[in-house]
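A short worksheet on the structure shown next.
The values are calculated or read from the model by the stated rules, or taken from the named source; none is laboratory data. Source: prediction; values computed, not measured. Neighbour counts are summed over all protein chains in view; Cβ atoms, including those assigned to glycine, are modelled from backbone coordinates with ideal geometry.
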Amino acid sequence: MNFAITPNASPVSAENRRKLLEDPGFGRIFTDHMVTLRWTADKGWHDGEVKARAPFAMDPASAVLHYAQEIFEGMKAYRTGDGQVVLFRPDMNASRFNRSAERLAMPTIPESLFIEAVKALVKIDQEWVTRGAGSLYLRPFMFASEAFLGVRPALEYIFCVIASPVGPYFKGGDKLLKLWVSDEYTRAAPGGTGAAKCGGNYAASLIAQAEAARHGCDQVVFLDAAEHRWIEELGGMNLFFVMNDGSIITPPLTGTILPGITRASIIEIARSLGMQVKEAPYSLDQWRSDAQSGRLSEAFACGTAAVVASIGEIVSSKDSFRFGNGVSGPVSQRLKEQLVGIQRGTVPDTRGWVQAV
Ligand code: PLP
Ligand code: COI
């Protein structure tokens, strides 16, 4: 598609950008531009634009404001040692976006157009991709813009990509995560939207996340909705367990957890390093007893925002337990180094995961 490009007439100055990039935090600073596309039933995708980031003018009856037809993706642009800007497996984000779209009864977008839109933004805002340890977090999203209050799939949508330079997701840096197990709230049920990246899933998780914060925890562990027994995932990350025989367990994709791109990549990397990885149900009771017996040596959370973050302690309304030896374990470290190395061009990309912008 030919995107109409109208550069921001008053972009952030190089000096101010340099200051903002010193300590960006996560998701609070934004680049100068955005990319938008419109979809209508008669025209399909059209009106591709690259322009200054600005508020949307929205009709108060826009369907998204009432029935939450909204989906998004999370991906990053990295600067490699030789100064190139690259994306990590953007085809996986494009295909997951379309699976989310189908689940939310929204139009799909050709994968090539999704990637073209993301690249158009990265290109115009490439000065925002830091040279240090940070990256440029990209947030493609789509919402129902039709003004209509009847309950049915909307007939008009806006697709948009915005970008935010980011440092570590957790304020504590590499400090081990302390997780809260919610025994009251669940995130997703069989037949629901758990495997889709829709805003509604995150809205539903916030009360549990607030409860976690009140208990001094970084994130919530969600259990399955039917038995409140099986580990699913965190509010924004997948989970891995490393046993003392070196084998690894991660909960299977049964439709209630997000099929993470980091998760899929770590499974592949671990297997290619000769590690045994099982996608198998793992219960909270098992986690506790493996922690106490010493069978569990490491556990970590992973996702685009969080990368690989080691876990040190689990807290619930009934008890708490710890495992490992207070630092990120060797298996987690090795997997993180391989993943980050591929993303940043210091480990050879033998699988074609990295795409130059
Ligand atoms: N699970 C949830 C609920 C998430 O929001 C995310 C983040 O995107 C993940 C898992 C990890 O997915 P990915 O590795 O594709 O970023
Ligand atoms: C991501 O990792 O991209 C997410 O969407 C997770 C969110 C907690 C920022």
For this session: Would you mind stating whether G192 is under 30 Å from A63 (Cβ atoms) and part of a loop (DSSP other than H, G, I, E, B)?
Result: yes
Exercise. What is the one condition in (1) within 27 Å of L121 (Cβ to Cβ); (2) surrounded by fewer than 16 Cβ atoms within 10 Å (Cβ to Cβ) that L339 does not satisfy?
Worked result: (2)
For this session: Answer yes if at least one residue in region 145-155 is on the phi < 0 side of the Ramachandran plot, surrounded by 17 or more Cβ atoms within 10 Å (Cβ to Cβ), within 16 Å of ligand 1 (Cβ to nearest atom) and among the acidic types (D, E), and no otherwise.
Result: no
For this session: Inspect region 286-305 for any residue being within 14 Å of ligand 2 (Cβ to nearest atom) and at pLDDT below 95 and give the result as yes or no.
Result: yes
Exercise. Going by the structure shown, is R139 outside the structural domain of R214 (by TED's automatic domain parsing), surrounded by 17 or more Cβ atoms within 10 Å (Cβ to Cβ) and farther than 21 Å from I311 by Cβ?
Worked result: yes
For this session: Could you please find all residues in region 216-229 being crowded, with 20+ Cβ neighbours inside 10 Å and either in contact with an Asp or Glu (Cβ under 9 Å, 6 or more places away or on another chain) or of a type in the set (F, W, Y) (or both)?
Result: C217, V220, V221, F222, L223, D224
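Per-residue answers, yes or no, for (1) under 20 Å from Y157 (Cβ atoms); (2) away from ligand 2 (no atom under 16 Å from the Cβ); (3) out of contact with any Gly (no Cβ under 8 Å at 6 or more places or on another chain):
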site: G27; (1), (2), (3): no, no, yes
site: V35; (1), (2), (3): yes, yes, no
site: W39; (1), (2), (3): yes, yes, yes
site: V50; (1), (2), (3): yes, yes, yes
site: F72; (1), (2), (3): yes, no, no
Problem set entry | Residue list for region 78-111, filter: within 13 Å of ligand 2 (Cβ to nearest atom) and of a type in the set (A, V, I, L, M) | M92
Problem set entry | Of residues in region 69-93 being hydrophobic (A, V, I, L, M, F, W, C) and more than 12 Å from K197 (Cα to Cα), the one farthest from ligand 1 (Cβ to nearest atom) | V85
For this session: Identify all residues within region 121-139 that are within 18 Å of F3 (Cβ to Cβ), part of a helix (DSSP H, G or I) and among the hydrophobic types (A, V, I, L, M, F, W, C); write none if there are none.
Result: L121, V122, I124
